[in-house]
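Report on one structure; see the data block that follows.
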Amino acid sequence: MATRATDSGTGRPRPRRTHGGRDRRAQILEAAAAVFIRDGFVRGSVDAIAAEANVAKQTLYNHFGDRDTLVAEVVANAMDPLAQQFDTLVRETIAAHNGTDLPAQFRDFGRRWVRLMLAGETASLRWRILADAPLEQSLRTALRGVDQDAGLRSVAEQLVLLDRAGVLAVPDPEAAARQLRALLVGEAQLESALGQVALDDAVIDAVVDRGIGMFMRAYGR
């Protein structure tokens, strides 16, 4: 039987969530996201999610069938909306380059990429998904249903064009795109403690300036 969720500091039961007339499925998804952010995907159990949602465990199974299906829907809700936003971001920054100040355009791209990953209530959940994926099979399976590499392909395509134009020297555009993600998103992930710590503009600018500086030193002509 599901037990009441407790406050980690006092050990006392936390006040039950009230969801009014909201859809029960959405209620469970919200509770699952909260549990996974707090406990991680490895430790986040169906019992804890049911307690967080204030529903019977069987109710959860009635809506989702099993934990893996629930994880897949949590991941889709967190990750899918990023794809279209990222495509717009690429078009408005590095794809719109005019060759006059490429580092500045990449810094603009970097700042917007980092802010996109940090924005919204699901930022902490996205970081947790990416951090826990190597440890949790259901996460890896769910992520295969999300085209995570679409954004990187967009970046790689622009790097190919910049290489052909002679403004960058990029022998392996796909590897360079992954390296750029590590320099920007990976560093922001560390600075923000998986989205738990808000980053101000000065910190984001510092992360982006370092990352783009290293990228340009590696691939600039």
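The values are calculated or read from the model by the stated rules, or taken from the named source; none is laboratory data. Note that the coordinates shown come from a computational prediction; the quantities given were computed from them, not determined experimentally. Cβ placement follows ideal geometry from the backbone for every residue including glycine, while neighbour counts extend to all protein chains displayed. These area figures cover heavy atoms from the full protein model, side chains too; ligands, DNA and RNA do not enter into them. Shrake-Rupley method; radii C 1.70, N 1.55, O 1.52, S 1.80 Å.
Odds and ends about this structure:
- When P(r) over Cα pairs in 10 Å bins from 0, in percent is calculated for this entry, the matching label among (1) 8, 35, 36, 17, 4, 0; (2) 8, 30, 29, 18, 11, 4, 0; (3) 8, 32, 33, 19, 7, 2, 0 is (2).
- Counting only protein heavy atoms and a 1.4 Å probe, the chain has 52 square angstrom of accessible area per residue.
- Counting protein heavy atoms only, the chain has 49 percent of its accessible area on carbon and sulfur, 1.4 angstrom probe.
- With both labels modelled 7 Å from their Cα along Cα-to-Cβ, the D39 to N77 distance reads 1.7 nm.
- Treating r as the C-beta distance of R210 and E157 and R0 as 35 Å, the FRET efficiency rounds to 0.90.
- Residue (of A78, A95, A119) at the positive-pole extreme of region 55-123, dipole from beta-carbon charges: A119
- By accessible area with a 1.4 Å probe, ligands and nucleic acids excluded, highest first: order of S192, S45: S45, S192
- The alpha carbon convex hull volume per residue for region 58-171 rounds to 114 Å³.
- Here region 70-220 is assigned +1 on the Cβ of each Lys and Arg and -1 on the Cβ of each Asp and Glu. Its dipole about the Cα centre then comes out at about 200 debye.
- Dipole in debye (nearest 20) - region 143-221, about Cα centre, beta carbon charges: Lys, Arg +1; Asp, Glu -1: 320 debye
- Largest to smallest accessible area among R181, R210 [probe 1.4 Å]: R210, R181
- Note on the chain: GNM, Cα springs under 10 Å; of V71, V114, V160, the largest mean-square fluctuation is that of V160.
- Farthest toward positive dipole pole in the chain [+1 Lys/Arg, -1 Asp/Glu at C-beta], among P173, A188, G40: G40
- Relative contact order for region 53-149, counting Cα pairs under 8 Å that sit 6 or more residues apart, in percent: 38 percent
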